[in-house]
Every structure is written in C-alpha cells, then in structure tokens.
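Remarks on the structure that follows.
The values are calculated or read from the model by the stated rules, or taken from the named source; none is laboratory data. Not measured: the values here are computed from a predicted model. Counting neighbours? That spans all protein chains shown, and the Cβs are built from the backbone with ideal geometry, glycine included.
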Amino acid sequence: MHKLAKLLSLIFVCTMVFSTPVMAEEAGAPVAVYLEDSSDIGIPAVTVAAIAEGKLVHEYLANAVTGIWGMDSVIPVAQGGNVILDGKETNVTFPVLKPELSRVYSAKDYAAALGGAVLNVVKIDTHVSFDIANVNFYMPGITGEENIHVYTYSDSTNTWTELTITEKRADHIVVNMTGTGVLAFIVTP
C-alpha cells in the first residue's frame, strides 16, 4: 500500500511538472481552405498554393478575394494584370491576398466613422518597384454609380488614406497606388 501511494504521488508530481500551461499565440482569424462542392481538386499543387495563401481554390485561381473573416458578405475583388507602372503599360499582375483580421476590423470602424460600409478589404503584395501604379480591380456586381472610395492603410501612422480613383465603371474600379499594402473598398451615402 505504501509503494502504491509513492507511485501515485510520483505520477501526480510528474503530471504537474510536465503539464505546464502554454499560452497560444494570437494569430487572428482561423486559417482554412474549403473546396467548393462542385470543385475538382485537380492539381494538388494548386490546392497547396491556395492553402498557403489562406484562400479557397477558386480565389487562388482567379487572383481574388471573395470572402474574408469578420464580414458576412463582400463584393469580390480581383486583379487580372496589365498594371500601368509609372505611365507604362505592362503585363504585371498584382497579387490580391487576404488581409490580417485586425485590418478588417479597422476598416469596418473607419467605414462606420464615415457613415459607410466596407465592400471588401484586400492586401496587395508585390516586389515590383514603382512610384505610381494604375491598377484595374475587378469587382463584379458594382454598377460604377456607387459612391465607392478606396483607402490604403499605413502601418507607420495607423491611419487610412484615400487613394485616387481614375475610373469607375460597371464591375471595375481603377486606382492609382503609390505603394502596396492593405486596401479597403468603402461605399458611402
């Protein structure tokens, strides 16, 4: 009986020592990729690449963001190439990625302060250097008559700055960008 008590004590002490709590790192939104019901997995490398970007397979293939954490519905934003860099036509495509969840909440707060609503928040990331990039964003469903503004987030000042829209038409917003980063597409009354 005495040996059993010692054994149980030893097990209890080992359990206490080796079960120290570990704090989880705050990572924001859960990351998952779901295949749509009608999707064909196709090339496994595409699925792996979509997972690496935290996107659905169709988002990855279309260079688009069609849904983000923290918002029930969004207007999809895609970019199909032909970015005009410093006044010169190119075949450059800007990758459209999902932003950090904190930027989505920040954009929603900013839109509310403007009396508007967020249509979508995306992250543009490229290694191409430029002073001004004229970028055509595909946004299926807009008419071009809405009062849409595009803002970029500055990490250094924690503020949103409005970008110049050079053209609005059905399904498209064309914007002048002076750098990459997080963009919020906001509609106001």
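Cβ-Cβ distance below 9 Å, separation of 6 or more or different chains: which pairs start in the range 41-62 with a residue that is surrounded by fewer than 14 Cβ atoms within 10 Å (Cβ to Cβ) and end on one that is polar (S, T, N, Q)?
Ile41/Thr47
Has the range 146-159 got any residue that is closer than 16 Å to Thr66 by Cα, modelled with pLDDT of 95 or more and of a type in the set (D, E, K, R)? Show your work before the answer.
The initial filter retains those residues of the range 146-159 that are closer than 16 Å to Thr66 by Cα, namely none.
No, the range 146-159 contains no residue that is closer than 16 Å to Thr66 by Cα, modelled with pLDDT of 95 or more and of a type in the set (D, E, K, R).
Taking the range 147-170 on its own, how many of its residues are in a loop (DSSP other than H, G, I, E, B) and exposed (fewer than 15 other Cβ atoms within 10 Å of the Cβ)?
6
Show the residue pairs that are 6+ apart or on different chains and have beta-carbon atoms under 8 Å apart, the first residue being within the range 72-99 and closer than 21 Å to Ser154 by Cα and in contact (Cβ under 8 Å) with a residue 12 or more places away in the chain, the second being surrounded by 16 or more Cβ atoms within 10 Å (Cβ to Cβ) and of a type in the set (D, E, K, R).
Pairs found: Val96/Lys123; Leu97/Glu53; Leu97/Lys55; Leu97/Lys123; Lys98/Glu53; Lys98/Lys55; Lys98/Lys123; Pro99/Lys123.
Can we say Val83 is β-branched (Val, Ile, Thr), surrounded by 13 or more Cβ atoms within 10 Å (Cβ to Cβ) and closer than 19 Å to Glu59 by Cβ?
Details: β-branched (Val, Ile, Thr): yes; surrounded by 13 or more Cβ atoms within 10 Å (Cβ to Cβ): yes; closer than 19 Å to Glu59 by Cβ: no.
Taking the combined requirement at face value, the residue does not satisfy it.
When you scan the range 100-111, do you find a residue that is over 16 Å from Tyr153 (Cα atoms) and either in contact with a strand residue (DSSP E or B) (Cβ under 8 Å, 6 or more places away or on another chain) or not hydroxyl-bearing (Ser, Thr, Tyr) (or both), even just one? Give the steps one after another, and end with the answer.
Residues of the range 100-111 over 16 Å from Tyr153 (Cα atoms): none.
No, the range 100-111 has no match at all.
Test Lys123 against the stated conditions and say whether it is modelled with pLDDT of 95 or more, within 16 Å of Ile68 (Cα to Cα), part of a strand (DSSP E or B) and of a type in the set (D, E, K, R). Explain how you work it out, then say what you get.
Details: modelled with pLDDT of 95 or more: yes; within 16 Å of Ile68 (Cα to Cα): yes; part of a strand (DSSP E or B): yes; of a type in the set (D, E, K, R): yes.
Yes, satisfied.
Find all pairs meeting these conditions: Cβ atoms under 6 angstrom apart; at least six residues apart or on different chains; first residue within the range 139-162 and within 18 Å of Lys123 (Cα to Cα); second residue surrounded by 11 or more Cβ atoms within 10 Å (Cβ to Cβ) and basic (Lys, Arg).
From the range 139-162, the pairs are Tyr153/Arg103.
Looking at the range 163-184, I want the residues that are over 13 Å from Ile124 (Cα atoms) and among the basic types (Lys, Arg) and have a partner that is assigned to a strand (DSSP E or B) and at pLDDT 95 or above with Cβ atoms under 7 Å, at least 6 apart or on another chain. Which pairs are those?
Lys168/Ile148
Condition check ((1) surrounded by 14 or more Cβ atoms within 10 Å (Cβ to Cβ); (2) assigned to a helix (DSSP H, G or I); (3) polar (S, T, N, Q)) across all residues:
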position	(1), (2), (3)
Ile68	yes, no, no
Val92	yes, no, no
Arg103	yes, yes, no
Ser106	yes, yes, yes
Asp109	no, yes, no
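Can you tell me which residue within the range 137-146, out of those that are more than 11 Å from Val77 (Cβ to Cβ) and touching a strand residue (DSSP E or B) at 6+ places or on another chain (Cβ under 7 Å), is surrounded by the most Cβ atoms within 10 Å (Cβ to Cβ)?
Taking the candidates together, the pick is Glu146.
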